[in-house]
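The values are calculated or read from the model by the stated rules, or taken from the named source; none is laboratory data. Here the structure is a predicted model, which is why all the values come from computation and not from measurement. Quick reminder, even Gly has a Cβ in these numbers, built from the backbone with ideal geometry, and neighbours come from all protein chains shown. Note: accessible area is taken over every heavy atom of the protein model, side chains too, but ligands, DNA and RNA are not part of it. Shrake-Rupley method; radii C 1.70, N 1.55, O 1.52, S 1.80 Å.
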Amino acid sequence: MSCWTPWPPDFVVVAVPHHAGREVVQECAARGVHVLKEKPFATSVWEARDLAQVCQGGQVELMVTLQRRFNPGCRSGPASRRR
């Protein structure tokens, strides 16, 4: 079963092992799906440039994020205020 049918996503969050990121980002760009890639964005400067060009060519937005959900200084909510 393909994740692309019957309704393709508007965007995906790519959180895969470092070696697999390129293939996923390229597939998304080829299908016109916007990408939010978790760090590290690429394994080299050359790969990063290539992926940026691939996404630009596919007219998709390419974004990079650094998750901080496990960083105690970035937590919010009632449990973090009790400390």
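One table, with the values for the structure above:
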quantity: Heavy-atom accessible area ranking, 1.4 Å probe, most first, across Asp50, Asp10; calculated: Asp10, Asp50
quantity: Those chymotrypsin sites (Phe, Trp or Tyr not before Pro) in region 1-59 that DSSP places in a loop and that have at most 15 other beta carbons within 10 Å; calculated: Trp4
